[in-house]
Amino acid sequence: MFSPPLAHLQRALAELGDLEVTEHDVSHASSFLSSTIMSYHNEDSRRNAIRQHVDHLMGEPGQWEERLDRVGNIQPDASWWQGEFPVTILELKNAPGIGGDPFVQSLADYSKIVSDPQLAHFQGSCNFPVLLLGLSGNRIEIGVAVCVGSIYASRLVAFNITPGFHLSENIIHAARIFRCLSSCRAALAAHYRAVQGNHITIAAIYPDPTSVSGNALPCLTYHGVLLRTGEHISTSLPDLGVGTTALYRATLGDAATPDGATEVVVKFASRYGKAAHRLLSDAKLAPKLHWCEPIIGGLFMTVHQSGDCETVQGPNLFLKLS
């Protein structure tokens, strides 16, 4: 919802069967899986065994066990950076259930990193998208996170590597997953290079979704949050962990063009009754619907006219009619 590179990763992980991998990818995935399914005396031994293979699969050597004194003296097992920005954080445990959850630990690392005073002047112009990896024994968990005032994280993939009859399928599966992760890491690095050269704005605190269909999204300029009471707040952010929708006030189009810009409400919800909204709009019982499509992440994004018909109850009614 907030980061195109992370949205593309989610789409790619959902379509792994269509992804081609090279002999190089399969070779390194095979070596990684062979090392992963082994038993080790401690985490140091496991880390040393997989380190080279992970670096190859990620497409760039990571910084392994580097202590970050400026952010609480944390020491991720591995991390990848673009300048001062975190791109990927990896934590590992020797076995599942022993020593904590590596994915949660990677998220805790991220929360400390984005609170670094060195990054404070980028808040607003950057929402700090990151790739999170948790390895525990033969289990791999992949997730992502962004920081838009609050931190929002999602686990995207979790799978166990098992030897035996299905090992060859697991090798191809892992090769495809790491191809996706490598591409995402490169995309995030490019994103951060662009952030470093940008002037300071607050655009990154607002959604930047990717449509499932691949269609271009409407040209929107966000102006603040619309509370469910109807109150417009330009200095606050919605708590996306509470409630079932997120509402924003925006303008559609370019004010400098002959058609000008139109005031609209942008809504994100898990489902939406597009046909019902059209019927109500035609009967002048609901505001005009400019755009309604699913976005990557399992949500619908709608853009409708801001006006007298706009009510909190209206969108809920549309959902029930879907």
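The values are calculated or read from the model by the stated rules, or taken from the named source; none is laboratory data. As the structure is a computational prediction, the values presented were derived from the model and not from experiment. Note that each Cβ is placed from the backbone with ideal geometry, even for glycine, and that neighbours are counted across all protein chains shown.
Key figures
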{"read-out": "Evaluation of D44 against (1) surrounded by 17 or more Cβ atoms within 10 Å (Cβ to Cβ); (2) under 24 Å from E91 (Cβ atoms) (one fails), failing number", "value": "(1)"}
{"read-out": "Filter result for the condition that a residue is touching a residue at least 24 places away in the same chain (Cβ under 8 Å) and assigned to a strand (DSSP E or B), over L181, L135", "value": "L135"}
{"read-out": "Some residue of segment 124-143 being at pLDDT 90 or above, assigned by TED's automatic domain parsing to the domain that holds R185, closer than 18 Å to A189 by Cα and of a type in the set (S, T, Y)", "value": "no"}
{"read-out": "Test: residue in segment 69-87 that is closer than 19 Å to I140 by Cα and exposed (fewer than 14 other Cβ atoms within 10 Å of the Cβ)", "value": "no"}
{"read-out": "Residue that is modelled with the highest pLDDT, among those in segment 148-181 that are of a type in the set (V, I, T) and more than 25 Å from P61 (Cβ to Cβ)", "value": "I151"}
{"read-out": "Any chance R46 is assigned to a helix (DSSP H, G or I) and closer than 20 Å to A174 by Cα", "value": "yes"}
{"read-out": "Among (1) farther than 28 Å from Y40 by Cβ; (2) touching a residue at least 60 places away in the same chain (Cβ under 8 Å); (3) part of a strand (DSSP E or B), the one test that A187 misses", "value": "(3)"}
{"read-out": "Complete set of residues in segment 138-160 that are crowded, with 21+ Cβ neighbours inside 10 Å and more than 21 Å from the chain's Cα centre (by Cα)", "value": "none"}
{"read-out": "Filter result for L9 (in the same structural domain as S136 (by TED's automatic domain parsing), crowded, with 21+ Cβ neighbours inside 10 Å and under 30 Å from A269 (Cα atoms))", "value": "yes"}
{"read-out": "Selection count, segment 60-113, where residues are of a type in the set (A, V, I, L, M), assigned to a loop (DSSP other than H, G, I, E, B) and within 20 Å of H191 (Cα to Cα)", "value": "0"}
{"read-out": "Residues satisfying the stated conditions in segment 135-159, i.e. in contact with a helix residue (DSSP H, G or I) (Cβ under 7 Å, 6 or more places away or on another chain) and among the basic types (K, R)", "value": "R155"}
{"read-out": "Lone unmet requirement of (1) farther than 30 Å from R249 by Cβ; (2) assigned to a strand (DSSP E or B) for Y222", "value": "(1)"}
{"read-out": "Residue within segment 187-207 that is under 18 Å from the mean Cα position of the chain (by Cα) and among the polar types (S, T, N, Q) present", "value": "no"}
